[in-house]
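Heads up, the thing below is written out as structure tokens.
No lab work stands behind these numbers, since they all come straight from the coordinates. Note that this is a predicted model, so its numbers are computed, not measured.
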Amino acid sequence: MTVSGITTFGRTDDFDDLPTGNGSDTAGSPAAGSLMSGFPTDYVTLDLETTGFYPNSCSITEIGAVRVRDRRIVDRFQQLVNPLRPIPAQVVKLTGITDEMVAGLPTIDEVLPRFVSWLSAGVSADPNASYEPEPAGAGAGNTDTAIAAVPFEPIVGHNVSFDIRFLDWNARKVLGGPFSCVDYDTMQISRTLFPSQRHHRLLDLIQRFGIADNEEHRALSDAIQTQQCLEWMHRYTDRHAGRGFGAVDWTDVTAKGNDAVIHRQLTLI
């Protein structure tokens with residue numbers, strides 16, 4: 001089946017029997033297989049809307065995120081942000097966010113601390129926690145030493161490095177230090193699983209997977225659709241391991257310019 005000329009791989013009802021997972025799964029159960037695949041089951045899916053592409057000269061206009069537990073959404077964060085500058089006409093056309101909508105709303109100086117607090121609220125406090133990167137191949141960044149403890153659960157996004165760069169730039173200004181996280185990129189995962197496909201935009205994925213016909217280009221909606229895409233690909237790898245590829249593995253890559261951000265990248269073995 002095709003939607004707008006894009007091959008559809010699955011249906012939305014593929015999500016109907018997602019395992020809830022309670023830590024008591026036995027070997028051979030779907031949830032146990034999911035854990036072996038290395039996909040996260042507890043995470044935050046994130047999306048930002050901005051006035052442009054470059055964090056040093058552009059501003060965040062909206063933050064949207066969903067918290068996921070046992071692969072199901074349990075909480076949401078959504079906030080429009082006053083960018084303190086005019087929103088370009090092409091961005092207004094894409095997102096529908098206008099200068100009038102953000103006038104008088106909180107700026108990033110107010111919103112970012114609240115968002116970081118929301119992220120932190122989902123993590124069990126452990127003063128001894130640390131993140132040990134997996135051994136990585138050449139060119140994967142510095143993984144010789146343990147990375148300082150990251151304060152949040154894993155973050156998932158589509159082309160997530162774009163969003164993390166904006167959060168990092170603003171965190172350094174507003175919070176006085178770099179943004180720190182482990183992240184998963186649904187674009188990178190899709191490119192690895194489906195290399196024969198030419199395009200891997202969020203719109204391409206939601207149409208191929210039968211999730212939706214359109215992308216709204218609003219932060220919360222895009223975050224929810226990204227979560228659905230991750231879970232679709234999670235199920236796909238659980239069902240197809242041993243058929244076309246043996247198993248999945250993950251490589252940890254430190255972000256350029258910020259050793260406190262670790263990109264977890266899918267590989268097939």
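With the alpha-carbon atoms of region 213-259 aligned to their principal axes, the span from lowest to highest coordinate is 37, 36, 11 Å, starting with the largest. Could you tell me what % of all Cα pairs in region 143-250 have separations over 22 Å? I get 42 percent for the Cα pairs in region 143-250 exceeding 22 Å.
If you average the C-alpha positions of region 219-269 and of region 175-212 separately, how far apart do those two centres end up, in angstrom? First find each Cα centre; the distance between them is then 8 Å.
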